[in-house]
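See structure below.
The values are calculated or read from the model by the stated rules, or taken from the named source; none is laboratory data. Because the structure is a prediction, the values reported are computed rather than measured. Reconstructed Cβ throughout: ideal geometry from the backbone, glycine too, with neighbour counts over all protein chains shown. These area figures cover heavy atoms from the full protein model, side chains too; ligands, DNA and RNA do not enter into them. Shrake-Rupley method; radii C 1.70, N 1.55, O 1.52, S 1.80 Å.
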Amino acid sequence: MAAAGPEGGSESQLLQFELEHELKCPLCGDFLQDAVTTECNHSFCKKCLLTNLVQQPSDASLCPVCKTNVNVDALKSNGKLDKIASIFRAKRSLQEQQERTESKGELGYEMMYYFLQYTKAKQVQLLREVKSRVLSLDQDLVTVRNRLEASTGIGLLDPTTGQADPRQLEIIQQKVREDLRHYPHMVNLLPNLENFYVYNKDAVPASALTGSKRKAGGCPFGGGMPSVAYNVKVKRRDQYIDGVAETLMNVSKHNRLKLEVEIPSGDMMQKSAIISSIGFNSNQEYFATAGVSKRIKIYDFQNVVEDRFRIPCPVRELTWRSKLSDLDWNKHESAHLATSDYDGMISVWDVDSGENILEYDEHEKRAWSVCFSKTDPCLLASGSDDGTVKIYSTKQNRSVLTVETVANVCSVQYHPTNFHYIAVGCSDHQAYVYDLRQANQPVVTLSGHKRAISYAAYSKDSELLTASTDNTLRIWNVQSGESKRVLSGHVNQKHFVGLALKDDWVAVGSETNELFVYNKALDSPIHRYSFGETEGQNSHHFISATCWKPRSEMILCASSDGNLRVLSLE
């Protein structure tokens, strides 16, 4: 009797299945609806059967089950079968409704389970990252403490316990606080160092550095990594810490931007006296300015800074027929400089004689940029609103190459050591590097800015700095096309505000009529100088040009009112 229950249950399920099978249409597989029975005693939904017969060839009317002839007129409605099928259909609907009601309760718990699992995994990952960062900080603190101990002579470890001595730590911390009081600009930088500091992913607990594995000559890293490889990682990390400290030391050398000399605008009769460009000649004796006043002014720098109680006057002044947008001195011929103007003309001048010795009238629109090659004294490049870069040889009267770009060219600059390469900044928010031997397309495209690129300048052979009217500067690896750092803090949304580089220092103007100085290692400005009485004053004026004096701490910058100032980074 005990075995009869399951057998009886199985027989009941089998009978249930057979009954449902008989009540289902062979064509649609669902319970019969408006059932009809053929002469061969097979039942179908009336609609399904008639549709099937219509789809058969015109000379055939065969039963879909047994393939015997079907007389449509002889089809019989089967009301009883139809009624039974409707009961089973209603029963099935009721069961489905009950299942949905039960599954709704389960769905809530399932969703909650998924949420909890996902959130837990996310928090565990965050916890791992926090632990890894704390380990990195601990390990680097040990390195920095050792450096401080060696430089100050203050021992940080208790010789009896081998642990950090709290009293000695307090002494060194007090010294750090006192020293930082003398460098307020460094204190202001502390919140921004989070973006500068790179956490060590290979950091291990301090206990592992002094534990049995280390004492036995093994490595605290898992997986049996050779101790030589571990030591290499430690050495690289120590070098990184030393490099960060050196950068901060270099930053600390300068406290502020100091005004040395002011050169007021001498173009009082001009509606606009904007200086578009400033540059030093190759031997750094002279600097030149050019702008919308259609004048090139040459100054003797030594006279300007030494006779600061008189208004400095140019030693030579050259006039031109169009507004000037840019200038660049020849790096090998100290008396030669090139200019670009609003009519698209590129000119080469001999400042000793005051003569315009070459003219290239090939651009169809305004030329914004001109640049001499650093390595070949005869090569010259220019960029224009007509979307082209022109390459000239001063030995010829016409350009030797035209590079077609996809947008207005705002800036062009030769590579510092290889005259085959030029960098181009365009209004399509991108910068390009071209190999002039195959100039049909760029070898590198630098994408990331959100607005036009107004300046592009090499800071190293493989590093390019770009300035954009999206209020940012970007440092690029020109080999990989990767953006290494974004510098922001100044305001630049409309005008050309000047850009100048010296080693790791970057000077850029702002539309708040201020000059900002960055260090390339930090993404926020370190120093700023305002042309107004207070920061942000004279907002209708802006910095229009800037230039470092090579191998010095002097910076020249000009405001849009035509006033020029010589600043020193002290």
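Worth pointing out:
- Residues located in region 389-404, provided they are open to solvent by 20 Å² or more (accessible area, probe 1.4 Å) and of a type in the set (A, V, I, L, M): 400, 401
- The residues listed here are 561, 504; of these, the one that is within 27 Å of residue 311 (Cβ to Cβ) and in contact (Cβ under 8 Å) with a residue 40 or more places away in the chain is 561.
- Residue check for residue 86: of a type in the set (S, T, N, Q), open to solvent by less than 90 Å² (accessible area, probe 1.4 Å) and modelled with pLDDT under 80: no
- Comparison of 209, 190, 135, 157 shows that the only residue that is modelled with pLDDT under 80, open to solvent by less than 60 Å² (accessible area, probe 1.4 Å) and not hydroxyl-bearing (Ser, Thr, Tyr) is 209.
- Boolean, residue 437 is assigned to a loop (DSSP other than H, G, I, E, B) and either over 16 Å from residue 481 (Cβ atoms) or among the polar types (S, T, N, Q) (or both): no
- In the set (1) open to solvent by less than 10 Å² (accessible area, probe 1.4 Å); (2) at negative phi; (3) assigned to a loop (DSSP other than H, G, I, E, B); (4) not hydrophobic (A, V, I, L, M, F, W, C), residue 340 fails one condition alone, (3).
- Yes/no for residue 93 being more than 30 Å from residue 49 (Cβ to Cβ), among the small types (Gly, Ala, Ser) and outside any loop (DSSP other than H, G, I, E, B): no
- Lone unmet requirement of (1) closer than 30 Å to residue 201 by Cβ; (2) without any contact (Cβ under 8 Å) to a residue 60 or more places away in the chain for residue 136: (2)
- Of all residues making up region 388-410, the number that are farther than 24 Å from residue 466 by Cα and among the aliphatic types (A, V, I, L, M): 2
- For region 270-296, a tally of residues being farther than 19 Å from residue 306 by Cα, of a type in the set (Ser, Thr, Tyr) and crowded, with 21+ Cβ neighbours inside 10 Å returns 4.
- Single match in 352, 386 (criterion: open to solvent by 70 Å² or more (accessible area, probe 1.4 Å), of a type in the set (Asp, Glu) and part of a loop (DSSP other than H, G, I, E, B)): 352
- Against the test of being under 28 Å from the mean Cα position of the chain (by Cα) and either open to solvent by less than 60 Å² (accessible area, probe 1.4 Å) or of a type in the set (Asp, Glu) (or both), the options 257, 248 yield a single qualifying residue, 248.
- Evaluation of residue 424 against (1) surrounded by fewer than 21 Cβ atoms within 10 Å (Cβ to Cβ); (2) closer than 23 Å to residue 325 by Cβ (one fails), failing number: (1)
Here's the yes/no breakdown for (1) crowded, with 18+ Cβ neighbours inside 10 Å; (2) in contact with a strand residue (DSSP E or B) (Cβ under 7 Å, 6 or more places away or on another chain); (3) farther than 26 Å from residue 253 by Cβ:
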residue	(1), (2), (3)
476	yes, yes, yes
480	no, no, yes
503	no, no, no
519	yes, yes, no
529	yes, yes, no
541	yes, yes, yes
544	yes, yes, yes
550	no, yes, no
567	yes, yes, no
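- Selection within region 148-207 - more than 38 Å from the chain's Cα centre (by Cα) and in a loop (DSSP other than H, G, I, E, B): 153, 154, 155, 156, 158, 159, 160, 161, 162, 163, 165
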